[in-house]
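Trainee: Before I ask anything, here is the structure I am working with.
The values are calculated or read from the model by the stated rules, or taken from the named source; none is laboratory data. Note that the structure is predicted; figures quoted are calculated from it, not measured. Glycine also receives a Cβ, built like all others from the backbone with ideal geometry; neighbour counts cover every protein chain displayed.
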Amino acid sequence: MTQDERVAEFRRLHEDGCFVMPNPWDVGTARALEQLGFPALATTSSGFAWTTGRPDTVVPLDEVLAHLRAVASAVGVPVNADFEGGYAVDADQVHDNVALAVGTGIAGLSIEDSTGDPDEPLHDVDLALDRIRAARAAIDASGTGVVLTGRSEGLVAGRPDIDEIVRRLRAYAEAGADCLYAPRATEVEHIRAIIAAAGPKPVNLLINAPFMTMAEAAELGVRRISVGGTLARAAWGGFLAAAREIADAGTFTAFTGLPDVDGLMSPG
């Protein structure tokens with residue numbers, strides 16, 4: 001599919017029902033997830049960072065753009081980019097960086113409002129709105145229609161005031177976000193409040209622990225589910241458990257029942 005076709009399909013997925021958009025961290029995992037039948041995928045900044053031997057948030061923009069291009073070109077389904085805070089603070093720079101991201105072939109991207117500063121964990125609302133407007137303007141200028149997700153990070157950044165989160169998400173929707181997202185919302189009443197604030201616009205729910213099923217999320221009105229870096233953490237869990245057994249006991253019992261990865265990657 002062309003980028004236009006993927007964007008159109010991604011937008012269609014948001015129109016009704018609920019779909020899961022899992023998060024691969026490299027080309028191989030993206031292809032595997034596509035083969036399992038998922039209709040869309042999303043990158044994970046943390047999962048990708050771990051493949052480079054770094055923690056989340058420190059991978060430079062040029063590497064992120066190369067990663068987005070590689071994943072988007074490796075699969076036929078729409079790919080949403082975890083674009084963190086736009087890799088800039090200034091709204092004009094966010095605009096320019098979003099324009100670069102759109103050029104990688106993605107079908108969607110998210111912009112979050114966290115600062116990384118524990119003393120002031122969220123951007124001032126006016127600045128946060130300017131950043132969403134700048135991302136919207138960059139997408140509109142590209143003519144691609146890439147889906148813009150506005151993220152409010154209060155529950156992640158230590159500002160768990162659901163009323164503030166709801167106010168921000170409502171404002172981000174008015175500023176041009178197509179989809180709304182408050183990572184780590186796990187309480188049913190909070191999820192309901194976020195969906196109500198979004199109005200007709202779709203809401204993404206992060207499920208990074210078994211607190212809810214897809215069916216339960218759909219019943220609440222969630223349109224899109226992602227898992228963030230949790231699939232990557234699950235993979236790291238299996239790898240580390242096997243490696244520790246070898247290091248500590250000199251045994252290899254984890255090497256049973258393993259998948260045929262070559263078969264999974266073979267065409268046809």
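Trainee: Scan the range 32-42 residue by residue and report those that are touching a Phe, Trp or Tyr at 6+ places or on another chain (Cβ under 9 Å) and either touching a residue at least 60 places away in the same chain (Cβ under 8 Å) or of a type in the set (F, W, Y) (or both).
Mentor: If the condition is that a residue be touching a Phe, Trp or Tyr at 6+ places or on another chain (Cβ under 9 Å) and either touching a residue at least 60 places away in the same chain (Cβ under 8 Å) or of a type in the set (F, W, Y) (or both), then F38, A40 are the ones that fit.
Trainee: With free of Cβ contacts under 8 Å to residues at least 24 places away in the same chain and among the acidic types (D, E) as the only criterion, which of D56, D90, D82, D96 stands out?
Mentor: It is D90.
Trainee: What number of residues in the range 39-66 are more than 14 Å from the chain's Cα centre (by Cα) and either closer than 22 Å to R224 by Cβ or among the acidic types (D, E) (or both)?
Mentor: Counting residues in the range 39-66 that are more than 14 Å from the chain's Cα centre (by Cα) and either closer than 22 Å to R224 by Cβ or among the acidic types (D, E) (or both) gives 3.
Trainee: Then there is this: Can you confirm whether V156 is at pLDDT 95 or above, within 24 Å of G47 (Cα to Cα), in contact with a Cys (Cβ under 9 Å, 6 or more places away or on another chain) and surrounded by 14 or more Cβ atoms within 10 Å (Cβ to Cβ)?
Mentor: When the stated conditions are applied, V156 does not pass them.
Trainee: Still on this model: If T186 passes every condition in (1) in contact with a Phe, Trp or Tyr (Cβ under 6 Å, 6 or more places away or on another chain); (2) buried (at least 23 other Cβ atoms within 10 Å of the Cβ) but one, which one does it miss?
Mentor: So T186 meets the others, but not (2).
Trainee: Let me ask something else about it. Kindly indicate the residue of the range 203-238 that is under 13 Å from L180 (Cα atoms) and in contact with a helix residue (DSSP H, G or I) (Cβ under 9 Å, 6 or more places away or on another chain) and also surrounded by the fewest Cβ atoms within 10 Å (Cβ to Cβ) among those meeting that condition.
Mentor: G221
Yes/no per residue for (1) buried (at least 17 other Cβ atoms within 10 Å of the Cβ); (2) in contact with a helix residue (DSSP H, G or I) (Cβ under 9 Å, 6 or more places away or on another chain); (3) over 16 Å from R31 (Cα atoms); (4) of a type in the set (S, T, N, Q):
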{"site": "S73", "(1), (2), (3), (4)": "no, yes, no, yes"}
{"site": "P78", "(1), (2), (3), (4)": "yes, yes, no, no"}
{"site": "G85", "(1), (2), (3), (4)": "yes, yes, yes, no"}
{"site": "D90", "(1), (2), (3), (4)": "no, yes, yes, no"}
{"site": "V94", "(1), (2), (3), (4)": "yes, yes, yes, no"}
{"site": "N97", "(1), (2), (3), (4)": "yes, yes, yes, yes"}
{"site": "V102", "(1), (2), (3), (4)": "yes, yes, yes, no"}
{"site": "I106", "(1), (2), (3), (4)": "yes, yes, no, no"}
